[in-house]
Structures are given as structure tokens and as C-alpha cells.
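The values are calculated or read from the model by the stated rules, or taken from the named source; none is laboratory data. Given the structure is predicted, the values throughout are model-derived calculations rather than measurements. Glycine gets a Cβ as well: all are built from the backbone with ideal geometry, and neighbour counts include every protein chain shown.
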Amino acid sequence: LGLHRLRHIIHLEARAVTSFANTLDPSQLFPYDPVDGLENFTEISFEFRNRFLTKYIDGQEFRTRDWLEVGLEFEYYPDAPRDTVGFHASNFSYPFNWITLAPHDATKALDEREWSNVHWDCLFRPSNYLEARGTGAYNPVNHQEEVRDFSVTVRPHEGLALSVGQMFVFDVTNAFTVGARWELAEKWLVTAQGQFDFKTDNFTNRRATIGRFGRSPRSRRS
């Protein structure tokens, strides 16, 4: 599994943020920046992150990499009747956290709730030849999974990457994805990808490209 000893790092974080008062309703302002949209709002966010580091041999040296990383994030709303039943720019504007509330069914109504969705993310990278990533969200109030997006990438040879994955959004999509990236030569690149949505029973994306670059694609910024 690519392990050479293991270090476990636990990161815990809690943040309490509130805007105490506003003297004018945001709808009466011509907004110049995000702060003009803030209303009275309070949230407490929590993050739990686990990192598992291992060492690998690079030439004659030992180097460190993240072998596995798992994170959880969620928020608590002390004044739920005020802050969770409607759209608030404060729910995603700095310095508030990025977790936003969303409807849980086709009615598109926002129900009163004290807790946000639980968001998770995971990265598993045992070697340079295999990598798995995933993110998702679970609604603890209505007890349903609302988002899941994961992919698995294998690199059997240098310059060749093959990937498969799935994207699920509750009541929106359930799509399966495949992709390939092949660096034929220093300046030539071939890519292909496709996505099939089982909810609509149709392809939502199909693409193939052949590109030539003035310099190696490895040296370009993505």
C-alpha cells in the first residue's frame, strides 16, 4: 500500500462568527462589495481533519507525502428561526464559513434547522500510480445523502492517466464519468472524457481533444 511508517495528525478547529447589527436593510443598498450584503447572522463552524503521512524514496532521499486525508465540516446556528429559513448572503460571505444551507426536496423551501449538512472530503494516495478523491454532504436533519462526488485515477505509465468517477446530487443528477489523458510526446497531448446521467438516461458530456503546445504540458500551470 505504499506505506513506510505512518504519522497521524489531527486538526481540530472551531470558529464563532456573528454580525451584531445593521442599520439598513441590504436590499436598500447598491452593493459595492460582499460586506454590503451582510445581515444579522450568527454561526459556529467546526472542522475535524485527519492526515496520515508516510515516507517514500525519491532517488536516494526519503520524502514525505499525504497517504490518506479525511475531513469533516459542519455548522451550528444558535438563532435558527432567524438565520436558517431564508437566503442570507452572510451564510457564505467572509468572514463566515463557506457552508451554505440549501433546500432538501423539490419544494425548494428552507426549513428551520440548527445544524448544517455534514460535509466530508477524502484523499487516498498510496503511490504516484493511484489516487482516489471524494467529497460529499449528508443532511443530518432529514437523514439523507445530498451530494457525493468521487473519482479514482490510475497512472500505469508516465504521461498516461485513466479515471472513473461518479457525481450524485440529490434530486438533480446521478452521473458516471470516465476520462483519459495521454501525453504522447513532449508537445502533444490527447484527452477524452464522457459523462452519462442515469437520472436523465442520457450523455451530458462527451469530449475528445488533441493539442500541441509550444512547451511541455507538464511545465504549464493548470
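Here's the yes/no breakdown for (1) under 25 Å from T64 (Cβ atoms); (2) at pLDDT 95 or above:
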position: L123; (1), (2): yes, yes
position: P126; (1), (2): yes, no
position: R133; (1), (2): yes, yes
position: G136; (1), (2): no, yes
position: R155; (1), (2): yes, no
position: V172; (1), (2): no, no
position: A185; (1), (2): no, no
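Looking at the structure I just gave you, is R113 in contact with a Leu (Cβ under 6 Å, 6 or more places away or on another chain) and at pLDDT 90 or above? Walk me through how you get there before you give the answer.
Working: in contact with a Leu (Cβ under 6 Å, 6 or more places away or on another chain): no; at pLDDT 90 or above: yes.
Criteria not met by R113.
Can you pull out every residue in the range 12-42 that is closer than 24 Å to Y76 by Cα and aliphatic (A, V, I, L, M)?
Listed by number, the residues that qualify are L12, A14, A16, V17, A21, V35, L38.
Suppose we keep only residues that are more than 20 Å from the chain's Cα centre (by Cα) and of a type in the set (A, V, I, L, M) within the range 2-22. Which one would you say is modelled with the lowest pLDDT?
So the residue we want is A21.
Answer with yes or no whether A180 is loosely packed, with under 15 Cβ neighbours inside 10 Å and within 23 Å of the chain's Cα centre (by Cα).
On the way: loosely packed, with under 15 Cβ neighbours inside 10 Å: yes; within 23 Å of the chain's Cα centre (by Cα): yes.
Yes, satisfied.
Are there any pairs with C-beta distances below 8 angstrom linking a residue in the range 196-211 that is surrounded by 11 or more Cβ atoms within 10 Å (Cβ to Cβ) to a residue that is assigned to a loop (DSSP other than H, G, I, E, B) and not polar (S, T, N, Q), with the two at least 6 apart or on different chains, and if so which?
Note: pairs meeting the criteria are K199/V172.
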